[in-house]
Amino acid sequence: SKKTYSNFIQDIINKDMEENTYGQKVHTRFPPEPNGYLHIGHAKSICLNFGIAQYNNGLCNLRFDDTNPSKEDTEYVESIMEDVRWLGFDWGDRMYYASDYFDKLYEFAVELIKKGKAYVCDLSADEIREYRGTLTQPGKNSPYRDRTVEENLDLFERMKNGEFPDGSRVLRAKIDMSSPNLNMRDPVIYRILRATHHRTGDKWCIYPMYDFAHPLSDYLEGITHSICTLEFEDHRPLYDWVLRELELRNPPKQIEFARLNLNYTVMSKRKLLKLVKEGYVDGWDDPRMPTISGLRRRGYTPESIRDFCNRIGVAKADSIVDIGVLEHCIREDLNKRAKRVMTVLRPLKVVIDNYPDDMVEEFDIENNPEDLEAGTRKVPFSKVIYIEKYDFMENPPKKFFRLTVGGEVRLKNAYFIKCNSVVKDENGEIVELHCTYDPASRGGESPDGRKVKGTIHWVSAQHAIDIEVRLYNNLFTAANPSDDTEGKEFTDYINKDSLEVLKGCKAERSLLNADLKERYQFLRTGYFCLDSKYSKEGSLIFNRVVGLKDTWAK
Ligand code: ATP
Ligand code: MG
Ligand code: MG
């Protein structure tokens, strides 16, 4: 809708279109580096880039920004494609690799040398840093800055041909060593690096730097608006410089927006990789990870993630979004579409002494009160049932409306029951309740109008299936685990209770047919889905997507 894209980026685009700056379609790109799995921050960039293109009847490319061979891998390429598709976006036939442009980028570099705008520098990395100066001090010219064009062309070609060791020489843009912007102080645009590239193998031993490769990749693909995160704001003069010095027509325009930060998690691929490598989590798709694959396994829907990205909007200043907003989005989505079922996570056996031994009744229970078309299902009831341990208290506080000795409670859609006595094991723990039911209260109301405040869920013991349930909490105990002011590492804030595994949970039989693609509301408990990695026929494992209670204050 119009409203969705009334943000400052769309304003810029509107203006460009009015002035016909591009005289063509809006063309954006999503440019991940295939050095890790995508996370929810990337989802924001994906929704923004593909969303802007859709809204303006334009195009959006998927481009792998693979100019740094040492960290990149085809495993990541594949996961990225899967995640973008799963989020609901389509790049059509416009999937590119920056590495496809290595030849052209090399030619552009030669062109810059010919224009006297780039030179081969023999300073070491440390020396370059030293010569660069600081924010308060201008830099010094490299002693190699005035090499002739011929010498530079010769050396650059020999760099490419592998005549020099790694790190011995670089190609630098010749800009201004006293620029107030450090990025403009003769930045390195090519380096020597012998590393096998995931696509070009060992063809190249020199690789272009991001600031050189990115504007030119954008240009080569006909990108009109190159949307990136705020940390590149200081790089924009260099982005523009490269395109201007090469005298390229219709240059793309870089626009920066604030990256998404979420509390109680980390979002840098380097940190996520560490969590995976050091075994803090069960892979990139661990349901506690903020990765798209983790959220998918956790049970998030693409719709809820897109909704989240739209809600948080696009800003020009960094901020931290409460994880509760994300949870709110999935809760709202699942409330509309999740089938309701009864499960008992921490079972307490209840024997209904006055219920006939062999009798089984079936109650018609609605599948989703929010969705009239979802219909009803038959749920069996019998003499022995399970209820949640927390629904009974021997010594209840005031206002405890669930089951107590002598008290009465409503079994959801079934009967009123009253507890008469408890059975304890040798440790004094309650293991069984003895109750009586009121046959007149069938369906959950008594003809005498008797008030029963509490309603609890239940599962018939003889019909129940056993399931395993995994409850997830925040992976970190600190709101900002990346804040290292106290000399701590983010891994020091790992939440030891972020995963709770419950075995021997009891579920109504209908869950035997649970579908990997479905999510369920376990009545009074939360939203759950099958774990796509470990759940098997005969040993079903459910992940808690999110609890029922909305903690996000609107
Ligand atoms: P990381 O810091 O996690 O390694 P990155 O920016 O290096 O992230 P890229 O693969 O280069 O990862 O990201 C692809 C695109 O996604 C870039 O345009 C980047 O700006 C954007 N992006 C990455 N993280 C976020 C975020 N947290 N919020 C919004 N956009 C992001
Ligand atoms: Mg990047
Ligand atoms: Mg990165």
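Would you check which residues across segment 91-123 are assigned to a helix (DSSP H, G or I) and of a type in the set (Lys, Arg) and list them? Matches in segment 91-123: 104, 114. Every test in (1) away from ligand 2 (no atom under 16 Å from the Cβ); (2) within 20 Å of residue 179 (Cβ to Cβ) is passed by residue 233 save one, and that test is (1). Is it true that some residue in segment 524-532 is out of contact with any Lys or Arg (no Cβ under 7 Å at 6 or more places or on another chain) and hydroxyl-bearing (Ser, Thr, Tyr)? Yes, because at least one residue in segment 524-532 is out of contact with any Lys or Arg (no Cβ under 7 Å at 6 or more places or on another chain) and hydroxyl-bearing (Ser, Thr, Tyr).
For the residues 158, 185, the requirement of being among the basic types (Lys, Arg) and touching a Lys or Arg at 6+ places or on another chain (Cβ under 6 Å) singles out 185.
Every residue, every condition in (1) surrounded by 22 or more Cβ atoms within 10 Å (Cβ to Cβ); (2) β-branched (Val, Ile, Thr); (3) more than 30 Å from the chain's Cα centre (by Cα), yes or no:
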{"residue": "196", "(1), (2), (3)": "no, yes, no"}
{"residue": "210", "(1), (2), (3)": "no, no, no"}
{"residue": "217", "(1), (2), (3)": "yes, no, no"}
{"residue": "222", "(1), (2), (3)": "no, no, no"}
{"residue": "230", "(1), (2), (3)": "no, no, no"}
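In this entry, residue 242 passes the filter for residues that are closer than 18 Å to residue 65 by Cα and either more than 16 Å from ligand 2 (Cβ to nearest atom) or assigned by TED's automatic domain parsing to the domain that holds residue 45 (or both).
When you look at residue 52, is it near ligand 1 (Cβ under 8 Å from one of its atoms), in contact (Cβ under 8 Å) with a residue 40 or more places away in the chain, of a type outside the set (Ser, Thr, Tyr) and in a helix (DSSP H, G or I), yes or no?
Here the answer is no, as residue 52 does not meet what is asked.
Among the residues of segment 9-41, those identified as away from ligand 3 (no atom under 16 Å from the Cβ), in a loop (DSSP other than H, G, I, E, B) and among the charged types (D, E, K, R) are 19, 25.
For segment 124-166, residues that are β-branched (Val, Ile, Thr) and in a loop (DSSP other than H, G, I, E, B) total 3. Residue check: is residue 504 of a type outside the set (Asp, Glu) and free of Cβ contacts under 8 Å to residues at least 60 places away in the same chain? It is false that residue 504 is of a type outside the set (Asp, Glu) and free of Cβ contacts under 8 Å to residues at least 60 places away in the same chain.
One line per residue, one yes/no per condition, for (1) of a type in the set (Ser, Thr, Tyr); (2) exposed (fewer than 15 other Cβ atoms within 10 Å of the Cβ); (3) within 32 Å of the chain's Cα centre (by Cα); (4) closer than 23 Å to residue 528 by Cα:
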position: 359; (1), (2), (3), (4): no, yes, no, no
position: 375; (1), (2), (3), (4): no, yes, no, yes
position: 390; (1), (2), (3), (4): yes, yes, no, yes
position: 393; (1), (2), (3), (4): no, no, no, no
position: 418; (1), (2), (3), (4): no, no, no, no
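The values are calculated or read from the model by the stated rules, or taken from the named source; none is laboratory data. Since the model is a prediction, treat every value here as computed from it, not as a measurement. Cβ atoms come from the backbone with ideal geometry, glycine included; neighbour counts cover every protein chain shown.
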